[in-house]
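Structure record follows, encoded as structure tokens.
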């Protein structure tokens, strides 16, 4: 994301650009009706064609040498487009990135209008499994259309929340091991801060299952301090990506930085300050590999 952040970001990160959260931008892009139409038919998103290819049997098509490259090319082109002319029946201009808890808190504290924060059911889990868990925090124009999308409104929780409540909720999600992600609703407007179960998230699955760049790793990577590690292994089950292993000889955990997504959830499980987040671009072997 380096080039993208340099062009569109603040403090080296695209998601800290406050203008991308503004009501003025949403109105300029005329996104209210676009998002309403998209969310009304969200469940059908995964079965629609893109560039003439049906999503049915996508796993098989991706494995074909030529067709697979074509499918990936057009899928990524659709997700990464910066074209203002959009189709609500496609996930155009909808790209995201993993964010650790501290960055999520900064987004909520500094970029988001408090009067527009809502909590709603995870759409991906609802779409794939019919599960209802209110773990997605939305803001901006979504707060104006959510009343027209009752199936995404939590039944037992109040859904209009304050910044303090949003931060508390998101912290709880991260401690459960969910992955924090931030998304363009449609480039360059940002309105989704999600807590994802990676195996169910419609943003992660194209990348993990098919190698389509639908989401990027965080701006960070985890580094361990063996001197502080007590070998308790609490961090290992917190990693959704298999980046942490236990060395039976040293009785310490080890981090595979090439596998780490930089979500930072393992830090929340460590009681001994044995883990820390460092900028991804400070590690030569993974710099610019998002």
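Annotations for the structure displayed:
- Residue count, segment 245-273 (criterion: part of a loop (DSSP other than H, G, I, E, B) and either out of contact with any strand residue (DSSP E or B) (no Cβ under 6 Å at 6 or more places or on another chain) or loosely packed, with under 13 Cβ neighbours inside 10 Å (or both)): 11
- Residues satisfying the stated conditions in segment 228-259, i.e. more than 30 Å from residue 200 (Cβ to Cβ) and touching a residue at least 24 places away in the same chain (Cβ under 8 Å): 228, 229, 230, 250, 252
- Exactly one residue among 68, 52, 9 is surrounded by fewer than 18 Cβ atoms within 10 Å (Cβ to Cβ) and either touching a strand residue (DSSP E or B) at 6+ places or on another chain (Cβ under 7 Å) or modelled with pLDDT of 60 or more (or both), and that residue is 68.
- The residues listed here are 202, 185; of these, the one that is assigned to a loop (DSSP other than H, G, I, E, B), in the same structural domain as residue 24 (by TED's automatic domain parsing), buried (at least 17 other Cβ atoms within 10 Å of the Cβ) and under 13 Å from the mean Cα position of the chain (by Cα) is 202.
- Residue in segment 13-27 that is in a loop (DSSP other than H, G, I, E, B) and either modelled with pLDDT of 90 or more or in contact with a strand residue (DSSP E or B) (Cβ under 9 Å, 6 or more places away or on another chain) (or both) present: yes
Quick grid of which residues meet (1) in the same structural domain as residue 260 (by TED's automatic domain parsing); (2) surrounded by fewer than 18 Cβ atoms within 10 Å (Cβ to Cβ); (3) in contact with a helix residue (DSSP H, G or I) (Cβ under 9 Å, 6 or more places away or on another chain):
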| residue | (1), (2), (3) |
| --- | --- |
| 119 | no, no, yes |
| 130 | no, yes, no |
| 139 | no, no, yes |
| 151 | no, yes, yes |
| 160 | no, yes, yes |
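The values are calculated or read from the model by the stated rules, or taken from the named source; none is laboratory data. Quick caveat, the model's predicted, so the values are computed rather than measured. Virtual Cβ from ideal backbone geometry, glycine too; neighbours counted across all protein chains shown.
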